[in-house]
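Let me begin by presenting the structure, written as structure tokens, before commenting on it.
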């Protein structure tokens, strides 16, 4: 889905997102075998469409948000 642009004379559009950070205690435990996966991941859900995506890097979460809303360019840089 491409991001849409709205002019001031159109109705207000509301996009809501639920953001969860999941800490995997087993992955972070020092006494177990090393894991390649990070000890946490995030899950972001667009409420209106119920679409969701997991991420381990913030730019990936921003890319998902950008599928629904136009983000200012300075917010998308690391």
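If you go through segment 14-67, how many residues are touching a strand residue (DSSP E or B) at 6+ places or on another chain (Cβ under 9 Å) and at pLDDT below 90?
6
Cβ contacts < 6 Å: first residue within 15 Å of residue 14 (Cβ to Cβ), restricted to segment 43-68; second residue in a loop (DSSP other than H, G, I, E, B), any location; separation 6+ or different chain. Result?
46/68; 47/16; 68/15
The values are calculated or read from the model by the stated rules, or taken from the named source; none is laboratory data. The structure presented is a predicted model; accordingly, all values stated were derived computationally and were not measured. Cβ: placed from backbone, ideal geometry, glycine included. Neighbour counts: every protein chain shown.
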